[in-house]
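Asks: Here's a structure for you.
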Amino acid sequence: MNRLCSLNTYFKLLLLIASTTVFFFLLYTSLYIYTLKEEERFYKTTYEQYDREIRSLFRLNSKTPTATIIDVTFWDALVNFTKSKDENWYNHFIASEFESYEMDYIGIYDLDRNLINKTTSSRIKSFDFIPKEMMAVLYKSKLKKFYLKIPEGIVEVFAATIHPSGDPKKRKTKPSGYFFMARLLDETFSSSLGNISSSKVKLIAADYVVNPEVDFVVVLLDLKDWKNKVVSKFLFKRPFNLNYNKTKEILFIVVVASIINMLIFIYYTKKWVYNPLKLIKNILETGNVESINSLRKSKGEFGYIGNLFEENNNQRQQLEIAKQKAEESDTLKSSFLANLSHEIRTPMNAIMGFSDLLTDANLTENEKAEYLKIIRNSGSSLVSIIEDLIEMSRIDAKQITPNYKGLELEKCMADLHKSIKITIPKEKEIEFFVVESADKNPKNILTDETKLKQIIVNLVTNAVKFTEKGFVSFGYEINKEKEVVVFTIQDSGLGISQDYSKVIFDRFRRIEDNASTEMKGLGLGLSITKAYVEMLGGEISVKSTMGIGSIFTFTIPLKYDQTVVKSTPRKKISFSGNYENKIILIAEDDNINFLLLKKIIESKNHTVLRAFNGQEAVTICAENPDISLVFMDIKMPVLNGFEAFAQIKVFKPELPVIAQTAYSSFEDRERIMQFGFMDYITKPLDKEKIFELLDIIFMEINSSNLKQ
């Protein structure tokens, strides 16, 4: 047994095939011996088998009509018919379905054994051939099958008592009548049985004597009436050709065929089982790629297993690559966290430290101004870091989607140049200009204006950061063949090494060298820029040489805006009163934010009212007609800023409302402006911007009043 267990699978299969062959050889030999001994009884065995077959066939032939009559005779409507004798009902439900019963006669009798109605085929002319006395027997038995001899021939009769549908087993209620079905056992019926049983079938008289025949197996089937008397017989006859002289030849052929079959099994077992198993063993032990390719060429399951091995091998390689990337990402994240801690603590240190120094009463005005400037700049740096983190999180969460609309490229370039130019530090000797396009686009293109501007602003700001002297330029060209707009941002700054150029758009990557150690940032700006470019359907790349400068290039699809833009004049704002001492409502639930904004506004000699939530803001505006302006916080309890704004506009549509929000993304700002707010301010609050907004709004109010 131990030696058997130690055999490999292939030899086990060979042993199994050999054992099976020997077994069947012994079986054939035993069968031959048994056949010789049982030769004299074989005919009897054949007869018995044939007899069982015929009787089973006959029972099966009667099974469907029996099931039909059982199903029909527990039917409430049929019970009612035995009482109402409604001919219309009979015609509709019985006579019209007569052909589906596949019978030659259907008759319904009441309990008095009177025929209520019947339907017959053209083959039966007899009117009422059901014996009345058998109904007494049927009343007790509930179901009966028997045979009758009528002038047309022998009929097979199926009979059952009628009961309500609630009594399918016919034990709870008494019969309401009798239901009979009959079919004529004619030559067609006999021919059908003959075809099924491969026999010659004919109907014979009850006293017919059958002479035994050597070449045929003959079976007689008695057809009995309801009194169990034989009224006729079915004769089934099938050829019986028994030639034992060829038994040895047949068994010899079987043995030879078995040996050939064994050899074929051995050959294909080696080809289809042994060889693939050998390849699988080699793959599992060594991971050999050639073995995987050979296994994949196999047919059937082993070919599928080969594909699985190949997929597993590819996945393993990908996992190794992913592992390397994960380890690299983990290193980057660790570096990022350390950098994040440094970048946050640096401005926080300045804010906390110089705030403490400001408490010194001996400070001069110049020192105070210098400290305040440091605190303000540090706060701006901190806000910028937080905004980058939030924007990257929004991109990862797929909360940002492009908002496509028409954009005039020339105007966009001019606006960006104007807005960026004023932010360039004066101490930098930089020539900042727009490269004019050789093929200016006369039509508006379809893109997300906010995302496009942010991409250009990020790249230009980055170029300015790393350029102390020289130039920074940006512009675009139309590539009609590739149907893209190509934007280029070029500078003469520090440049980027080849190693950093490959990973410059990865997250948490910063240029770490002697020339850029003083540059601040988390290494997310270019990652956000790349995400925006891909969001718009474009690509971004960089070419750079150390000490000469960098060229950032990105593309967006060239799609023209087909919509017709209708210019809508800006809504006029009109109020009575002078510029001085306006009543301004601040809707703000946070006390510190309210106090700061209140102090800023009161410094301009305006009166400030406060609402703690959106609902209070609506109520105060409705009750105080002298309110000239509202600063509305977007996130408030009861009613948020949008809901409160909508309600105020119902009764004061001309009242200017400025949104104040901590949401700094371009999507949030665009949503605020599209909702109808006059303007918006973001937290942390910019005092100069608030003063500028007050001047613009009240100048527009006064201008409107003068025109009226």
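The values are calculated or read from the model by the stated rules, or taken from the named source; none is laboratory data. Everything quoted here is computed from the prediction, not taken from an experiment. Note: ideal-geometry Cβ built from the backbone for every residue, glycine included; neighbour counts use all protein chains shown.
Asks: Here's a check for you: in region 432-470, which residue that is of a type in the set (Val, Ile, Thr) and not in a helix (DSSP H, G or I) is nearest to Asn403 (Cα to Cα)?
Replies: Initial filter on region 432-470 (of a type in the set (Val, Ile, Thr)): 434-435, 445, 447, 450, 455-457, 460-461, 464, 467.
Filter once more, so that each one left must be not in a helix (DSSP H, G or I): 434-435, 445, 447, 467.
Values: Val434: 26, Val435: 27, Ile445: 13, Thr447: 7, Thr467: 33 Å.
Checking each candidate, the answer is Thr447.
Asks: Could you give me the residue pairs with C-beta distances under 8 Å whose first residue belongs to region 285-312 and is closer than 16 Å to Lys271 by Cβ, whose second residue is among the basic types (Lys, Arg) wherever it lies, and which are 6+ apart or on separate chains?
Replies: Gly303/Arg296; Gly303/Lys297; Gly306/Arg296; Gly306/Lys297
Asks: Moving on. Show me the helices (runs of 4 or more DSSP H) entirely contained within region 614-708 in which 1 or more residues are crowded, with 21+ Cβ neighbours inside 10 Å and modelled with pLDDT under 85. Quick ask: steps written out before the conclusion?
Replies: On the way: elements: 614-623, 641-651, 666-675, 687-707.
Of the helices (runs of 4 or more DSSP H) lying wholly inside region 614-708, those with at least 1 residues that are crowded, with 21+ Cβ neighbours inside 10 Å and modelled with pLDDT under 85 span 687-707.
Residues checked against (1) farther than 27 Å from Gln49 by Cβ; (2) touching a residue at least 24 places away in the same chain (Cβ under 8 Å); (3) out of contact with any strand residue (DSSP E or B) (no Cβ under 8 Å at 6 or more places or on another chain):
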| position | (1), (2), (3) |
| --- | --- |
| Glu102 | yes, yes, no |
| Tyr109 | yes, yes, no |
| Leu143 | yes, yes, no |
| Glu156 | no, yes, no |
| Thr161 | yes, yes, no |
| Thr173 | yes, no, no |
| Phe179 | yes, yes, no |
| Leu185 | no, yes, no |
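Asks: Do any helices (runs of 4 or more DSSP H) entirely within region 184-295 hold 2 or more residues that are more than 30 Å from Tyr28 (Cα to Cα) and either out of contact with any Lys or Arg (no Cβ under 8 Å at 6 or more places or on another chain) or outside the structural domain of Lys132 (by TED's automatic domain parsing) (or both), and if so, which? Explain how you work it out, then say what you get.
Replies: Values: elements: 187-197, 247-269, 275-286.
Because the criterion is at least 2 residues that are more than 30 Å from Tyr28 (Cα to Cα) and either out of contact with any Lys or Arg (no Cβ under 8 Å at 6 or more places or on another chain) or outside the structural domain of Lys132 (by TED's automatic domain parsing) (or both), the helices (runs of 4 or more DSSP H) in region 184-295 that meet it are 187-197, 275-286.
Asks: Which condition breaks for Leu111 when tested against (1) under 58 Å from the mean Cα position of the chain (by Cα); (2) modelled with pLDDT of 85 or more; (3) of a type in the set (A, V, I, L, M, F, W, C)?
Replies: (1) is the only condition that Leu111 fails.
Asks: If I filter region 340-348 for residues that are in a helix (DSSP H, G or I) and at pLDDT 75 or above, do I get at least one hit? First the steps, then the outcome.
Replies: Quick first cut of region 340-348, residues in a helix (DSSP H, G or I) only: 340-348.
Applying the additional criterion that residues be at pLDDT 75 or above yields 348.
Looking through region 340-348, at least one residue is in a helix (DSSP H, G or I) and at pLDDT 75 or above.
Asks: I would also like to ask the following. Assigned by TED's automatic domain parsing to the domain that holds Val217, surrounded by 14 or more Cβ atoms within 10 Å (Cβ to Cβ), within 18 Å of Thr64 (Cα to Cα) and among the polar types (S, T, N, Q), is that true of Thr161? Outline the logic, then answer.
Replies: Numbers: assigned by TED's automatic domain parsing to the domain that holds Val217: yes; surrounded by 14 or more Cβ atoms within 10 Å (Cβ to Cβ): yes; within 18 Å of Thr64 (Cα to Cα): yes; among the polar types (S, T, N, Q): yes.
It is true that Thr161 is assigned by TED's automatic domain parsing to the domain that holds Val217, surrounded by 14 or more Cβ atoms within 10 Å (Cβ to Cβ), within 18 Å of Thr64 (Cα to Cα) and among the polar types (S, T, N, Q).
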